[in-house]
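Asker: Let me give you the structure first, and then I'll get to my questions.
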Amino acid sequence: MGLFERYLSVWVALAIACGVLLGVLMPDAFGYIAKLEIAHINLPVAVLIWLMIYPMMVQIDWSAIKDVGKKPKGLALTIVVNWLIKPFTMALVGWLFFRVFFANWVDAQSATEYIAGMILLGVAPCTAMVFVWSQLVKGDANYTLVQVSINDLIMIFAFAPIASILLGVSNIDIPWQTLLYSTILYVVLPLLAGWITRHILQKSNRPITQFTAKLKPFSIMGLLLTVVLLFAFQAQTILDNPLIIVLIAIPLLVQTYGIFFLAHGLAKWLKLPHQIAAPACLIGTSNFFELAVAVAISLFGLHSGAALATVVGVLVEVPVMLSLVAWLNRQRSF
């Protein structure tokens with residue numbers, strides 16, 4: 001394990017502090033960067049995420065993809081946790097905290113919007129960042145790809161109905177462009193680039209592991225720069241609303257750790273190997289925050305409590321996921 005990986009949590013903490021500081025010192029510059037988007041997808045962030053996951057796509061062995069179906073338990077775990085459990089536990093946790101525990105601190109309208117933002121996060125399982133988490137826990141890259149692909153396919157049909165039921169609204173306006181472009185940017189294009197790169201390396205008899213090892217520092221830098229950008233975009237919000245951000249973060253932390261250990265327990269019961277179980281647990285734990293933020297803005301407005309809750313989800317996710325990656329790497333077995 002290299003220097004960057006060994007102290008990754010330290011680098012992320014520094015990136016968070018750096019992002020907030022730069023966002024305060026140069027708000028106009030980051031305001032301009034934040035506007036560089038298509039269908040609510042920030043292009044600089046998309047490029048950095050692409051940089052993160054490209055090396056993992058090179059590692060995918062297409063000849064082994066056909067064997068994934070011989071291990072259906074991991075796919076079943078992914079589907080059950082992401083679509084039959086997680087959206088509903090997120091709604092329950094949001095309701096408990098904002099309607100019961102925090103009822104005296106948050107007005108009813110704001111509570112409704114915060115719960116809505118949490119629900120949108122819960123209905124959107126991770127698409128891109130999970131490749132990073134999978135690599136960090138030494139997951140099976142081929143199996144992770146299939147898990148993510150199945151989630152994306154189900155999301156096309158299930159996101160709107162489940163979100164509509166849990167939000168209590170009809171005819172929910174899903175930004176389909178965001179869903180389509182995100183899938184293309186975060187899965188299709190890096191997957192295609194990885195396949196082409198792997199094909200070229202194999203034809204020239206160059207070792208693939210050596211090539212990906214050289215790319216690893218760039219992948220980690222992509223993660224750190226992504227964190228810097230995300231926190232710089234929200235720097236003023238973080239400083240202006242520290243209490244409400246803490247109040248939103250608490251139920252998100254409860255939900256995130258809760259769903260992870262539930263998935264972990266199910267994986268242990270199913271006797272799944274680490275390289276399949278670890279990414280499956282992390283897919284269910286992390287969120288497709290780009291889609292959640294876009295839907296929150298389109299339904300409730302840019303400055304709504306729902307939009308704020310989805311943004312807090314972004315702020316909470318990276319440190320939490322790193323803590324779970326570290327825990328999984330210490331366990332190394334299910």
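Asker: Below 8 Å, C-alpha to C-alpha, sequence gap of six or more: please give me the relative contact order for the range 110-237 in percent.
Answerer: 21 percent
Asker: Just to be sure I understand the rule: take each whole DSSP H helix in the chain, project its Cα atoms onto its long axis, keep it if the span is 27 Å or more and its mean Kyte-Doolittle hydropathy is at least -0.5. Which ones pass?
Answerer: Passing helices, by number: 141-167, 208-233, 242-269, 305-331.
Asker: On to the next question. I'd like the trypsin sites (Lys or Arg not before Pro) in the range 39-96 restricted to DSSP loop residues with at most 12 other Cβ atoms within 10 Å, sorted by number.
Answerer: 66
Asker: Continuing with this model, one more query. Pop the C-beta distance of residue 104 and residue 17 into the FRET formula with R0 = 30 Å and round what comes out to the nearest 0.05.
Answerer: 0.40
Asker: While we're on this one: Return the distance in nm (one decimal) between the two label points of a simple spin-label model at residue 32 and residue 165, each offset 7 Å from Cα along Cα→Cβ.
Answerer: It is 4.7 nm.
Asker: Taking just the alpha carbons, could you work out the radius of gyration and Dmax for the chain, both in angstroms?
Answerer: 19.2, 66
Asker: May I ask you to derive the FRET efficiency for residue 246 and residue 214 from their Cβ-Cβ distance with R0 = 56 Å, giving the value to the nearest 0.05?
Answerer: 0.85
Asker: Kindly state, to the nearest 0.05, the FRET efficiency for residue 202 paired with residue 43, given R0 = 25 Å and r defined as their beta-carbon distance.
Answerer: Calculated transfer efficiency: 0.20.
Asker: Taking the alpha carbon gyration tensor of the range 192-334, what are the square roots of 5 times its eigenvalues, largest first, to the nearest whole Å?
Answerer: 32, 23, 14
Here, each number is a calculation from the coordinates, and none is a lab measurement. What you see is a predicted model; the values in this text were computed from it and never measured. For neighbour counting, all protein chains shown are included, and Cβ atoms are generated from backbone atoms with ideal geometry for every residue, glycine included.
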